[in-house]
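Novice: Before we start, here is the structure in question, set down as structure tokens.
Just so you know, all these numbers are worked out from the coordinates, no wet-lab data involved. Computed from a predicted model, the values in this text were never measured in an experiment. All Cβ positions, glycine included, derive from the backbone under ideal geometry; neighbour counts span all protein chains shown.
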Amino acid sequence: MPRFLVYAPDHPDYLEKRMAVRPEHLERSAKDGDIVLYSGPLLPRPGTKAREAQLPEGQLNIAGSFMVYKLDTLEQVWDRIKEDVYWRKDIWDKEKIIVDELIG
């Protein structure tokens, strides 16, 4: 079955908005089962204001998501992305999302 890498950066300065809907994102992601081979949050890029931000103790500094999906088609991957609360609430910068099929 094909595997697809998804790079989904957030809009700049959307950490507070992201955290407000993160429980819904995590709840939905837990239902993905074996279609997700690996996933996680992205740190802000080095040298950016977001990377240097002083956050409250325990607050994660997240600037996007990545996932590796095992699905049959690119269309299925996009369908799953569009189900996510981060897509629906415009947390991810939709114009910067990259989906690539992996080899092997």
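Novice: Between K49 and K96, take the C-beta separation as r, use R0 = 22 Å, and let me know the FRET efficiency to the nearest 0.05.
Specialist: According to the calculation, E is roughly 0.80.
Novice: If the viscosity is 1.306 mPa s and the temperature 10 °C, what Stokes-Einstein diffusion coefficient in µm²/s follows for segment 3-101 when Rh is the Kirkwood radius over Cα pairs?
Specialist: Estimated via Stokes-Einstein, D reaches 114 µm²/s.
Novice: Using alpha-carbon pairs under 8 Å, 6+ residues apart, how would you state the relative contact order of the chain in percent?
Specialist: 51
Novice: A further question on this structure: So what's the angle, to the nearest 10 degrees on a 0 to 90 scale, between helix 74-83 and the longest Cα principal axis of the chain?
Specialist: For helix 74-83, the angle is close to 40 degrees.
Novice: Still on this model: Please give the calculated 222 nm ellipticity per residue for the chain, where each DSSP H segment of at least 4 residues contributes -39500 (n - 2.57) and the sum is spread over every residue; nearest 500 deg cm²/dmol?
Specialist: Mean residue ellipticity at 222 nm (helix-derived): -9000 deg cm²/dmol.
Novice: Another question about this same structure. Efficiency by 1/(1 + (r/R0)^6): what FRET value for L60 and R88, r their Cβ-Cβ distance, R0 = 25 Å, to the nearest 0.05?
Specialist: 0.75
Novice: Considering the zone a paramagnetic label at Q76 would reach in this model (a point 7 Å from Cα along the Cα-to-Cβ line), which residues of segment 26-45 have amide N under 14 Å from it?
Specialist: Under cut-off, by backbone N: 32-37.
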